[in-house]
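Here the structure comes first, spelled out in structure tokens, and everything after it is commentary.
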Amino acid sequence: MTSTTLCVLCGLLVAVAVQGATTGGYNTRLDSVDVDKILANPRVLSNYVKCIVDKGPCTSEGKEIKKFLPEVLSTSCAKCTERQKTNVKKTIRAMRERYPKEWEAVVNKYDPKKSRAKDLEAFLAA
């Protein structure tokens, strides 16, 4: 797992996963995270992935992602803003294409039985 992969995932998921207290959704303060920049840096992405799958230390953002990632994945981003949905889709697609081992580690951690796979595919297609 590369560090860039982890950082990209974490940056994107942080932007999506920080829960907002007033909206009942996720906090939009990180909507401006440059997901493309994170996905372009395997070292950063890898560090986020290591955090998320309990294989490395976490930044404060990584801890937030880890806290909300299970809900984001299990609900196909139901509470996400449109911007967050776009970022999550972009991150998942990029990880599956360019960082498949890292994506597999995330899936194995949060959906080991692949019970959400069909819902995730539908979310990505929407």
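Please treat every number below as a calculation from the coordinates, not as lab data. Given the structure is predicted, the values throughout are model-derived calculations rather than measurements. All Cβ positions, glycine included, derive from the backbone under ideal geometry; neighbour counts span all protein chains shown.
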Task: Segments 91-104, 44-57, 111-124 sorted - mean Cβ within 10 Å per residue, highest first - done: 44-57, 91-104, 111-124
TODO: Give, in nm to one decimal, the length gained when the segment between ASP34 and ARG96 is fully stretched (0.36 nm per residue of separation minus the Cα-Cα distance).
DONE: 20.4 nm
Open item on the list: Just to verify a number: FRET efficiency for LYS67 and ARG43, C-beta to C-beta distance, R0 = 25 Å, to 0.05?
Closed with: 0.60
TODO: Give, as ranges by residue number, the residues of the range 107-126 whose backbone N falls under 19 Å from the point 7 Å along Cα→Cβ of GLU82.
DONE: 123-126
Task: Net charge of Cβ neighbours under 13 Å - reference LYS66; Lys, Arg +1; Asp, Glu -1 - done: +1
